[in-house]
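Below: one structure, written as structure tokens.
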Amino acid sequence: MSAWRLAETDPLPEPDAARPDRPRSGARRLLVVAAVVLLTLVGAGGLAAAGTGMFSAERPEGCVKPDRSLQLYAVELPKDGTQIRLGYGLTPETASYPGPTMEMMEGECLAITLHNQVSAETLAALRTNPAHPLGVSLHVHGVKYTQQSDGTVQSESFVPPGGSRTYTWYAAPRNNRTGAQGTAGYWWYHDHVVGGPHGTQGLSSGLFGGLVVRRPGDPKPDRTYVTAFGDRQSINLRRGEATDTCDAANPQPGPTCLVARKGERVEFVVVGIGNDMHTFHLHGHSWADTRTGMVSNGQPFADSVPIIDNKTLGPGDSFGVQVVAGDSVGPGHWMLHCHMQFHSDAGMSTMLHVLDENGQMPPGMDHQHPAVADAGQPTGDSQPATDGGAHQHG
Ligand SMILES: [Cu+2]
């Protein structure tokens, strides 16, 4: 058995004048050896005692006990063509991709119990190596967790089919004494186990979602949407027509229907889930390139923060954007798309539908097939827009 130990360099010898009794260093070395032997023995006992794996600390420092707990289900959803689709949900019935947006306040500790309802058959179909174990997990960015909540095979923190496991996230606050920066920000969570050691198949099947950590005093949005930019020119694993399923007569806000009333503060959690670079661009709106997407009036640094309407997104990146819907531009169908042209041309484009204050789309702005007309279709079934006069985007 080997014990990991940082190899410390010997301290510089102190001037002889200060240390007349030189032989002490030999005794000190003996003491260190004895301590290492002791630690190794204690460590071995600890390993034997920890039934769940190598790592026994359940919660990160600062989280005495969880302030809140919730249940999360990983389930199999209807296939998209031949693609297996999985989703996280607060109930099995409401699972979706992206999964539910988690929200925490700095200082809060959250316990999430993940129930794996995905069958072994499905997980076996997704794995690339038959030796890889079957399971799903919950791995999070940005906040604090111990190895028990890492959501990896290596730390044995995943959930076999039919099982459940509790993951603990700690939204550590700023520490002005140590200089630790806190965890406020726009993050995401995802599987890290399905198919292989990095959960690539879990991610591309739908096991991901957004996480917002707020700092007390942060502006609170009226609506939050997750836009995960992924491979094959997808937004939330959809492209072209499928990215926008809003029913014009009765739009229901959701992963595939981005809708708001004029004047509402709309927040986007933007995540890069695949292998490509993308950009997040929203027509008619702009935001400050800060942690929250906003700058308070009168802040001395206001002019040093750029106002932007397009932001680059790399794999694994995440950021937040807050805009006031329709501000000075009014209701309408505002395109949201990747500005790498061959991506948007292939369907990496959806719409933010801004209704008026009463929740109506003003007359003359009827819009029956929002994503198709401008985005085009990646396959050969594209058709020309026949009611071009009704479209408002220029
Ligand atoms: Cu792109």
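Residue count for segment 345-356, restricted to those that are over 14 Å from Cys246 (Cβ atoms) and either more than 14 Å from the ligand (Cβ to nearest atom) or open to solvent by 10 Å² or more (accessible area, probe 1.4 Å) (or both): 3.
The set of residues in segment 294-344 that are in contact with a helix residue (DSSP H, G or I) (Cβ under 6 Å, 6 or more places away or on another chain) and away from the ligand (no atom under 16 Å from the Cβ) comprises Val295, His333.
Could you tell me whether segment 127-142 includes any residue that is over 25 Å from Phe268 (Cβ atoms), of a type in the set (S, T, N, Q), in a loop (DSSP other than H, G, I, E, B) and at pLDDT 95 or above? It would help to see each step written out before you state the result.
Residues of segment 127-142 that are over 25 Å from Phe268 (Cβ atoms), as a first pass: 127-137.
Restricting the remaining residues to those that are of a type in the set (S, T, N, Q) gives 128-129, 137.
Filter once more, keeping what is in a loop (DSSP other than H, G, I, E, B): 128-129, 137.
Filter again for at pLDDT 95 or above, leaving 137.
Checked against the condition, which is being over 25 Å from Phe268 (Cβ atoms), of a type in the set (S, T, N, Q), in a loop (DSSP other than H, G, I, E, B) and at pLDDT 95 or above, segment 127-142 yields at least one hit.
Pairs linking a residue in segment 111-123 that is assigned to a loop (DSSP other than H, G, I, E, B) to a residue that is open to solvent by less than 30 Å² (accessible area, probe 1.4 Å), with Cβ atoms under 7 Å and 6 or more positions apart or on different chains, are Gln117/Ala74; Gln117/Val75; Val118/Ala74; Val118/Val75; Val118/Leu86; Val118/Val136.
Among what's in segment 260-275 and is touching a residue at least 60 places away in the same chain (Cβ under 8 Å) and open to solvent by 10 Å² or more (accessible area, probe 1.4 Å), pick the residue that is farthest from Arg214 (Cα to Cα). Among those residues, the one meeting the criterion is Gly274.
If you go through segment 252-295 one residue at a time, how many are closer than 16 Å to His333 by Cβ, among the charged types (D, E, K, R) and not in a loop (DSSP other than H, G, I, E, B)? Within segment 252-295, residues that are closer than 16 Å to His333 by Cβ, among the charged types (D, E, K, R) and not in a loop (DSSP other than H, G, I, E, B) number 1. Looking across segment 201-260, the residues that are hydroxyl-bearing (Ser, Thr, Tyr) and more than 16 Å from the ligand (Cβ to nearest atom) come down to Ser205, Thr224, Tyr225, Thr245, Thr256.
Among the conditions (1) open to solvent by 70 Å² or more (accessible area, probe 1.4 Å); (2) within 16 Å of the ligand (Cβ to nearest atom), the only one that Arg291 does not satisfy is (2). If only residues of segment 261-288 that are within 16 Å of the ligand (Cβ to nearest atom) and among the aromatic types (Phe, Trp, Tyr) are counted, the one that is nearest to the chain's Cα centre (by Cα) is Phe268.
Listed here are the residues, each with its yes/no results for (1) more than 26 Å from Gly135 (Cα to Cα); (2) touching a Cys at 6+ places or on another chain (Cβ under 6 Å); (3) part of a loop (DSSP other than H, G, I, E, B).
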{"residue": "Gly162", "(1), (2), (3)": "no, no, yes"}
{"residue": "Tyr167", "(1), (2), (3)": "no, no, no"}
{"residue": "Thr178", "(1), (2), (3)": "yes, no, yes"}
{"residue": "Ser204", "(1), (2), (3)": "no, no, no"}
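The condition of being on the phi > 0 side of the Ramachandran plot, open to solvent by less than 40 Å² (accessible area, probe 1.4 Å) and at pLDDT 95 or above does not hold for Leu211.
Against the condition at pLDDT 95 or above, open to solvent by 90 Å² or more (accessible area, probe 1.4 Å) and not hydroxyl-bearing (Ser, Thr, Tyr), how does Lys65 come out, does it pass? When the stated conditions are applied, Lys65 does not pass them.
The values are calculated or read from the model by the stated rules, or taken from the named source; none is laboratory data. Note that the structure is a prediction, hence the values are computed from the model and not measured. Cβ sites come from the backbone with ideal geometry, for glycine too, and all protein chains shown count toward neighbours. The protein model used for the area step is the full one, side chains on, heavy atoms only, and it has no ligands, DNA or RNA in it. Shrake-Rupley method; radii C 1.70, N 1.55, O 1.52, S 1.80 Å.
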